[in-house]
Amino acid sequence: MSVIETRNLNYTYSPGTPFRRDAIKDISIKIDNGDFIGIIGHTGSGKSTLVQHLNGLLRPASGQVFLNGKDIWEHPKKIREVRFQVGLVFQYPEHQLFEETSYKDIAFGPSNMGLDADEIDARVRRAAKFVGLREELLQKSPFELSGGEKRRVAIAGVMAMQPQVLILDEPTAGLDPKGRDTILGQIKEYQQENGSTVIVVSHSMEDIARCAKKVLVMNRGRIEMFDQTPAVFSRADELGAIGLSVPAVTRIFMILRARGYDVGDNVYTVEQARDRLLPLLKKGGDA
């Protein structure tokens, strides 16, 4: 069953002015419960505009957004309830931290849901554990933490609301490779343990290849592709034509195949590359 569906979604910035820009055009998609979706596209392709519609931060100029089969704008006064069910972590979310302690920042969302103190405490500690925040950091000011730790606090704040759908807009932006790996691993663990639907927006083909089961490609406000990850990254020429690329390791394997090496296809991560190459290296000789 689709947890989120959009029908003929359109949105325009600055309508009726010389600065008018059609950000998304006629977007119709279905996202199933438990999916892990990656959204890619060049800057200005409409990725962030699209995900801000999914929890009602933006209201469509035309078209509809459905959550569990119900139009989220059918009762505008209840849109806040939608945002508890569809949690959105913005790019550089650490810039939005404001409480005295990390604990209070993580607890902010659950507190606004009207939960009792014991439930809030349980959710805060569970979310902190998911993102790898040590107990002693919870009582520290978030502004005393490192950049990566701040990012974890911000993500934990949305996870603590236990949304049915978790959306993360460029969750690894600005992090070093180790920090990126850590954040992605924690998001995957969260999705697997909770069975939640997760949507990740990223410029990094490598990040999307590592975690997403399906990939949605945006181009000039429209959907260019929406398919299983291997099917999308197998269309390297088409991705290149719209200014995107496949993961670097995929390009390497494409070159190896072109030179006659029997390395197979559908390789998108370093781990997959290792598993393909080691048996060939052990054979030696012509391999």
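The values are calculated or read from the model by the stated rules, or taken from the named source; none is laboratory data. Values in this document were obtained by computation on a predicted structure and should not be read as measured data. Quick reminder, even Gly has a Cβ in these numbers, built from the backbone with ideal geometry, and neighbours come from all protein chains shown.
Do we find a residue being outside any helix (DSSP H, G or I), β-branched (Val, Ile, Thr) and not assigned by TED's automatic domain parsing to the domain that holds TYR190 anywhere in the stretch 124-147? Checked the stretch 124-147: at least one residue is outside any helix (DSSP H, G or I), β-branched (Val, Ile, Thr) and not assigned by TED's automatic domain parsing to the domain that holds TYR190.
Looking only at the stretch 1-27, count how many residues are of a type in the set (Gly, Ala, Ser) and without any contact (Cβ under 8 Å) to a residue 40 or more places away in the chain.
The first filter runs over the stretch 1-27 and keeps only residues of a type in the set (Gly, Ala, Ser), leaving 2, 14, 16, 23.
Filter again for without any contact (Cβ under 8 Å) to a residue 40 or more places away in the chain, leaving 14, 16.
Of the residues in the stretch 1-27, 2 are of a type in the set (Gly, Ala, Ser) and without any contact (Cβ under 8 Å) to a residue 40 or more places away in the chain.
In the stretch 1-59, counting only strands (runs of 3 or more DSSP E) that sit wholly within it, the ones holding 3 or more residues that are of a type in the set (A, V, I, L, M, F, W, C) and either closer than 23 Å to GLN162 by Cβ or not assigned by TED's automatic domain parsing to the domain that holds ARG220 (or both) span 36-40.
The set of residues from the stretch 218-240 being within 17 Å of SER204 (Cα to Cα), of a type in the set (A, V, I, L, M) and part of a helix (DSSP H, G or I) comprises VAL232, ALA236, LEU239.
Looking at (1) part of a helix (DSSP H, G or I); (2) crowded, with 16+ Cβ neighbours inside 10 Å; (3) under 15 Å from the mean Cα position of the chain (by Cα), which is the only condition VAL215 fails? The number of the failed condition is (1). When the stretch 150-183 is filtered for residues that are farther than 25 Å from GLN139 by Cβ, of a type outside the set (Gly, Ala, Ser) and modelled with pLDDT under 90, the ones remaining, listed by number, are THR172, ASP176, PRO177, LYS178, ARG180, ASP181. Here GLU206 meets the list (1) exposed (fewer than 14 other Cβ atoms within 10 Å of the Cβ); (2) of a type in the set (Asp, Glu); (3) part of a helix (DSSP H, G or I) almost entirely, failing just condition (1).
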